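Single-structure report; data block below.
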Amino acid sequence: MKALTRYCDSGEFGGYHYIDLPAPECGPDDVIIRLKAAAICGADMKHWYADLDGSNTSDQLNSIRGHEFAGIIVKVGENVTEWKVGQRVVSDNSGKACGTCPACECGDFMLCEHKTGLGLDNNYKVFGGSGGFTKYAKIPGGILRLHPHAIWEIPEGVKYEEASVLDPIANAYKAVAQQSSLIPGQDVVVFGTGPLGLFSVQIARIMGAVNIVMVGLQEDVEARFPIAREVGATHCVNASTEDVVKRCLEICGRDNLGLVIECSGANIALKQSLEMLRPNGEVVRVGMGFKPLEFSINNITEWNKSIIGHQAYDSTSWRECIRLLQFGAIKVQPMITHRLGLSEWKKGFAAMADKSAVKCVFHYDEDDKDVCEYGEELYDDDYDFS
Ligand SMILES: [Zn+2]
Ligand SMILES: [Zn+2]
């Protein structure tokens, strides 16, 4: 099977290679899924950008990429009783966790310092590689024993492509619904027009925020601001041309703005968030930037404001997000702007890079797509996302 992989010796970054790999072996506790949809995430972009200068020449296979994926179970190991062939499932991308650290003890497997992600991390060494940008993915038995919600059944009526973007939905849900103190009637400002920002707008809408202000840049005006409005933003502010703090306060009034969701990762956005928030306000920092802060954060002490760090989600996030998807509360279709065969992966990454895409979802389209390695039936829906 073809697989989009990353090569690097060690450390964080490495180059992308589209190569042939054998289909995964199914151990007695493993589950094999045939991939139907896999989406490009911001984390994939980070690694893709890092490779653009061509400086990485490593020949070490690090991982199969793609951690936002959904598919159909085509084989289960002989010890597996909870899952069966033919079930439609989506992975929360956990592949391995230690089970004994304080995070694992709380069921927060995504925060385990020893975790290995499917489609992330150096997963080739750990379980022979598994991720979404290929034909088949292995869900290792070890993680299913420790964390049975490593995969979830996709409810009827939810498409594979919609399930494949549950990862950013669940991130936004955790940030807005589980980590902040938002109550209905308040206002929310969201920085960053990527999937995390746009899904945060949606969760704020569902939670009863009155004004939901999306802050973006000039390059967002044409493609992403209209989507933001479609999914629930009441106002869009162009940080390239407008005074962001002044404009947000005009819209919300200082007394109503208790929450900012910062998905851009830009230092200036964090500074502006702290300036615009009312006393006791909260900023949940979802985005990541790599430069040290060049401004004082005394404001948080003076006015009892909070900067809340955000990472990933837990099973509660997934359970509730799947219900919101199932009952149509989350709008996914405006967010999936590109659907491509995996062979066109470069096109997909380019569309994400130039921001013409919000979410690009791949399906497997290579020459061996008609070969059923596990004797599975080839259903008619194999090449669409139904
Ligand atoms: Zn992701
Ligand atoms: Zn752990």
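The values are calculated or read from the model by the stated rules, or taken from the named source; none is laboratory data. Bear in mind that the values here come from a model prediction, so they are computed numbers and not experimental data. Positions of Cβ are generated from backbone atoms using ideal geometry, with glycine treated the same way; all protein chains shown enter the neighbour counts.
Yes/no matrix, rows are residues, columns are (1) touching a residue at least 12 places away in the same chain (Cβ under 8 Å); (2) under 23 Å from Arg254 (Cα atoms); (3) among the hydrophobic types (A, V, I, L, M, F, W, C):
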residue	(1), (2), (3)
Phe191	yes, yes, yes
Pro195	yes, no, no
Gln202	yes, yes, no
Met207	yes, yes, yes
Gly216	yes, yes, no
Glu222	no, no, no
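When Cys236, Cys248 are checked against the criterion of being surrounded by 15 or more Cβ atoms within 10 Å (Cβ to Cβ), of a type in the set (A, V, I, L, M, F, W, C) and not in a strand (DSSP E or B), Cys248 stands alone in meeting it.
Helices (runs of 4 or more DSSP H) fully within region 106-179 that include at least 3 residues being closer than 22 Å to Gly42 by Cα: 160-163, 166-173.
It is to be established whether one or more residues within region 231-239 are within 24 Å of Met45 (Cα to Cα), β-branched (Val, Ile, Thr), over 20 Å from the mean Cα position of the chain (by Cα) and in the same structural domain as Gln272 (by TED's automatic domain parsing).
Taking every residue of region 231-239 in turn, none turns out to be within 24 Å of Met45 (Cα to Cα), β-branched (Val, Ile, Thr), over 20 Å from the mean Cα position of the chain (by Cα) and in the same structural domain as Gln272 (by TED's automatic domain parsing).
Residues considered: Asp9, Asp44, Asp29. Of these, the only one that is more than 16 Å from ligand 1 (Cβ to nearest atom), of a type in the set (D, E, K, R) and either in a strand (DSSP E or B) or at pLDDT below 95 (or both) is Asp9.
Considering only residues in region 334-355 that are surrounded by fewer than 17 Cβ atoms within 10 Å (Cβ to Cβ) and free of Cβ contacts under 8 Å to residues at least 60 places away in the same chain, the one that is farthest from Ala3 (Cα to Cα) turns out to be Asp354. Just to be sure before I move on: is Cys248 in the same structural domain as Gly185 (by TED's automatic domain parsing), touching a residue at least 12 places away in the same chain (Cβ under 8 Å), under 14 Å from Val188 (Cα atoms) and in contact with a Lys or Arg (Cβ under 9 Å, 6 or more places away or on another chain) in the structure I sent? Judged against the criteria, Cys248 is not a match. Scanning region 168-193 for residues that are in contact with a Gly (Cβ under 9 Å, 6 or more places away or on another chain) and crowded, with 24+ Cβ neighbours inside 10 Å yields Pro168, Ala172, Ser180, Asp187, Val188, Val190, Phe191, Gly192, Thr193.
So which of Leu378, Leu324, Leu340, Leu293 ends up being farther than 30 Å from Gly71 by Cα and either assigned to a loop (DSSP other than H, G, I, E, B) or not assigned by TED's automatic domain parsing to the domain that holds Cys248 (or both)?
On the way: Leu378 fails: farther than 30 Å from Gly71 by Cα; Leu324 fails: farther than 30 Å from Gly71 by Cα; Leu340 fails: farther than 30 Å from Gly71 by Cα.
None of the others qualify; the one that does is Leu293.
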